Amino acid sequence: MQTEPKVRGQASRDAGPGPGSGGSGGAADGAADGLLLSLKRAAAALRDAGIGYALAGGFAAYARGAAVSTHDVDFVVRERDVQAALDALAAAGMTHLESPENWLEKACDGEHLVDLIHTPSGRPVDGNLLGRAETMSVGAVRMPVLPATDLVVMRLLAFTETACDFSGFLHVSRALREQVDWPQVAAETADSPYAYAFLTLLARLGVIGEDVL
């Protein structure tokens, strides 16, 4: 794994969410703080068990400069390592939750959810993806974090006819745009009309160049 220089806003990521970081203060800040604690506990459990993993989802975007996540904690792991990862989280006091989806497993740390994603959008997590992860500081704990390009590809491929709300990911795309290889994103998501629509919106908003499309 590579070590990346600090991205914009990294100092605040080292310290954790600050006042107002959740967008509305109060309860949002508390939720973010609690999730960050669960994130660090889960990352330590996976690391100590020798399981290959990387931080993904909203907290990976947060580590790279986006607003803090108040939803859940996402890690990517190989499918073959899922049971060992669940065992490691259980040893840390977390509870396995049955999931109807066949592309991830869930654990619960109190009221906070930790997702172990092994096949995002039908693309199995492999050594190449984990090998691209970069060691970064998240809440003063160093851990592997997926590159911005992979985060965007994964999110765009998750858009479907029944899950196509672009609003939540617009601010993430703006925050990460200088770290993303947009032509690569366009190439890897070329078969998705929803991804194309999102990229078209970004181009019309001036977030990316028209030549990306």
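No lab work stands behind these numbers, since they all come straight from the coordinates. Please read these numbers as outputs of a predicted model, since none were measured by experiment. Cβ placement follows ideal geometry from the backbone for every residue including glycine, while neighbour counts extend to all protein chains displayed.
Cβ under 9 Å from GLY58's Cβ, GLY58 left aside: what net charge do those residues give with Lys, Arg +1 and Asp, Glu -1? Neighbourhood net charge equals -2. Does the range 24-154 come out rounded, prolate or oblate by the C-alpha gyration tensor, with a ≥ b ≥ c the root eigenvalues, rounded set by a/c under 1.5 and, if not, prolate when a/b is larger than b/c and oblate if not? Since a/c stays below 1.5, the shape of the range 24-154 is classed as rounded.
By its C-alpha gyration tensor, with a ≥ b ≥ c as the square roots of the eigenvalues, how is the range 123-176 shaped: rounded for a/c under 1.5, else prolate for a/b larger than b/c, else oblate? Because a/c hits 1.5 or more and a/b fails to exceed b/c, the range 123-176 counts as oblate.
The local environment of GLY206, defined by Cβ-Cβ distances under 15 Å, has a net charge of 0 under the rule Lys, Arg +1 and Asp, Glu -1.
For the chain, the share of DSSP beta bridges that are antiparallel, to the nearest 5, is 75%. Entry note, the chain: the mean residue ellipticity at 222 nm calculated from DSSP H runs of n ≥ 4, each adding -39500 (n - 2.57), is -12500 deg cm²/dmol after division by the residues and rounding to the nearest 500. For the chain, averaging the sequence separation of C-alpha pairs within contact (under 8 Å, six or more residues apart) and dividing by the residue count gives a relative contact order of 21 percent.
ASN128 sits among other residues whose Cβ lies under 12 Å from its own Cβ, and their net charge, with Lys and Arg +1 and Asp and Glu -1, is +1. What is the range 67-213 by shape, rounded, prolate or oblate, if you read a ≥ b ≥ c off the alpha carbon gyration tensor as root eigenvalues and call it rounded for a/c under 1.5, prolate for a/b larger than b/c, and oblate otherwise? Cα axes put the range 67-213 in the prolate bin.
Among SER167, SER173, a tally of other beta-carbon atoms within 10 Å of each Cβ gives an order, fewest to most, of SER167, SER173.
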